[in-house]
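Let me begin by presenting the structure, written as structure tokens, before commenting on it.
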Amino acid sequence: MAIKWKNSKAGNKVRQWLKKIIKRNEIWLVPGTAGCILGFMMLSDIISYRYTPTRYNIQEGFLMNLCFAAGFAGFLKFILIYENRNWDIQSKNFFREWERKQRKWQLTLGVIAGAALIAAIVNFSFRLKDTWMYGNLSGAYIPLGTVGIQWVVCNLTLDSYMKAQLKRHMENLEMINQRSLEAALRSEQMKVDLISNVSHDLKTPLTSMVGYLELMKKEELSDVLSDYIEVLSRKAQKLKEMIDSLFDLAKTSSGNVELKMESMELNRLIEQVKADMEDRIAESGREFVVMLTKEPTDFTADSGYMYRICQNLLENALKYSQEHTRIFLKTSVTEEGTKVRFELTNTAGYPMEFTKEQIMERFARGDESRTTEGNGLGLAIVSTYTAALGGQFDISIDCDQFRATVEFLK
């Protein structure tokens with residue numbers, strides 16, 4: 001059976017050689033070499049012959065510029081690829097290096113074009129007298145035009161190559177950013193799941209502990225044991241509240257919540273929360289100044305979540321405000337009449353050396369010495385719940401004045 005040439009040993013070697021050339025980008029040398037050789041041959045004809053009609057020189061000059069364009073573009077592309085074969089598009093300094101290389105090559109092309117232009121001008125000056133006698137100046141001015149045309153072609157080739165490298169770099173950055181974002185989302189989801197699972201697992205034994213403590217209170221115990229039981233009961237209840245807060249925060253952050261939206265009135269809600277906390281307010285020694293707007297403050301939200309938002313803001317003010325100071329509660333309606341707003345302002349009892357982004361993080365506390373009560377979840381819960389209800393939560397810090405604001409559409 002006859003063996004076809006393309007499947008023969010020689011054919012395979014030729015095919016591998018061609019693939020190797022294409023892979024190494026040496027293929028650009030083919031049009032580069034052929035184009036330059038043909039271009040210089042035509043340029044020599046145009047310059048050498050004085051008697052050639054102008055129209056023939058122009059036609060040959062057109063073909064010559066096509067050959068030169070293919071030749072110079074091929075050579076330049078090969079040189080750029082070969083010189084930058086080890087260029088790392090993932091480098092942090094890529095853009096700075098990209099600008100440096102582009103300026104370098106633009107300068108190089110400018111110098112080469114300048115030298116070629118000088119040569120064309122010298123040729124023009126030497127041949128001007130002779131060509132004028134024969135009535136044919138094309139052999140003198142065509143090389144001048146050729147220099148300009150090829151300078152433009154080389155700059156376009158350089159610009160195309162550099163843009164392609166920049167595009168590769170940007171695509172690589174986009175891919176890295178996408179991976180980083182996905183990793184961050186996975187990490188955040190893992191944290192939420194961990195908090196949710198741990199909180200759920202802790203609630204069962206803690207509930208049993210609280211139940212047994214309540215049973216022990218009913219027994220006849222000595223005064224000392226009764227005091228111990230009372231302390232344990234308070235601490236257990238505090239721990240239960242924190243675990244419940246963690247569980248609710250994780251659940252809300254994951255978006256796995258069912259909201260029961262209903263019409264409600266902000267002024268009435270503030271009064272209700274303040275009334276429920278009246279005993280704690282009296283014990284705190286702080287004075288609450290309530291300034292409720294006379295305008296209607298009805299809006300739509302989940303009453304349970306809204307109660308928790310207002311309660312947390314008041315508790316935060318009680319925990320971290322300076323003793324014997326005033327805490328201001330204020331409601332208002334925006335000028336456009338589209339939103340209701342609740343502001344709480346207090347004077348901090350410690351240096352507020354943090355940003356609003358830091359203090360709204362989970363477990364973050366402004367009182368770094370931790371001399372006050374709190375677990376760092378209050379404002380995180382307010383921020384998460386407000387976002388879940390479609391509202392806006394903001395904090396402003398001015399010296400020792402701390403202001404928290406929540407807004408909801410009417």
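In region 316-343, the residue that is farthest from the chain's Cα centre (by Cα) out of those that are acidic (Asp, Glu) and modelled with pLDDT under 90 is 323.
For every residue, the table says whether it meets (1) charged (D, E, K, R); (2) within 47 Å of the chain's Cα centre (by Cα).
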| position | (1), (2) |
| --- | --- |
| 203 | yes, yes |
| 211 | no, no |
| 218 | yes, no |
| 224 | no, no |
| 235 | yes, yes |
| 279 | yes, no |
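Remark: pairs (first residue in region 305-332, touching a residue at least 24 places away in the same chain (Cβ under 8 Å) and under 23 Å from residue 390 (Cβ atoms); second residue among the aromatic types (Phe, Trp, Tyr) and in a helix (DSSP H, G or I); Cβ separation under 9 Å; 6+ apart in sequence or on different chains) = 305/385; 306/385; 308/385; 309/385; 312/385.
With acidic (Asp, Glu) and at pLDDT 85 or above as the only criterion, which of 188, 99, 174, 182 stands out? Of the residues listed, the single one that is acidic (Asp, Glu) and at pLDDT 85 or above is 99. Counting only residues that are over 23 Å from residue 391 (Cβ atoms) and surrounded by fewer than 14 Cβ atoms within 10 Å (Cβ to Cβ), which one in region 237-274 is modelled with the lowest pLDDT? Per the stated criteria, the residue is 241.
Let's see how each residue does on (1) aliphatic (A, V, I, L, M); (2) at pLDDT below 85; (3) under 20 Å from residue 168 (Cβ atoms); (4) touching a strand residue (DSSP E or B) at 6+ places or on another chain (Cβ under 6 Å):
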| position | (1), (2), (3), (4) |
| --- | --- |
| 35 | no, yes, no, no |
| 43 | yes, yes, no, no |
| 79 | yes, yes, yes, no |
| 86 | no, yes, yes, no |
| 94 | no, no, yes, no |
| 107 | yes, no, no, no |
| 118 | yes, no, no, no |
| 134 | no, yes, no, no |
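So in region 373-383, with the set limited to residues that are at pLDDT below 85 and assigned to a helix (DSSP H, G or I), which one is nearest to residue 405 (Cα to Cα)? Once the filter is applied, the top-ranked residue is 379.
The values are calculated or read from the model by the stated rules, or taken from the named source; none is laboratory data. Bear in mind the structure is a predicted one, so any value in this text is a computation, not a measurement. Cβ coordinates were reconstructed from backbone atoms using ideal geometry, including for glycine residues, and neighbour counts include every protein chain displayed.
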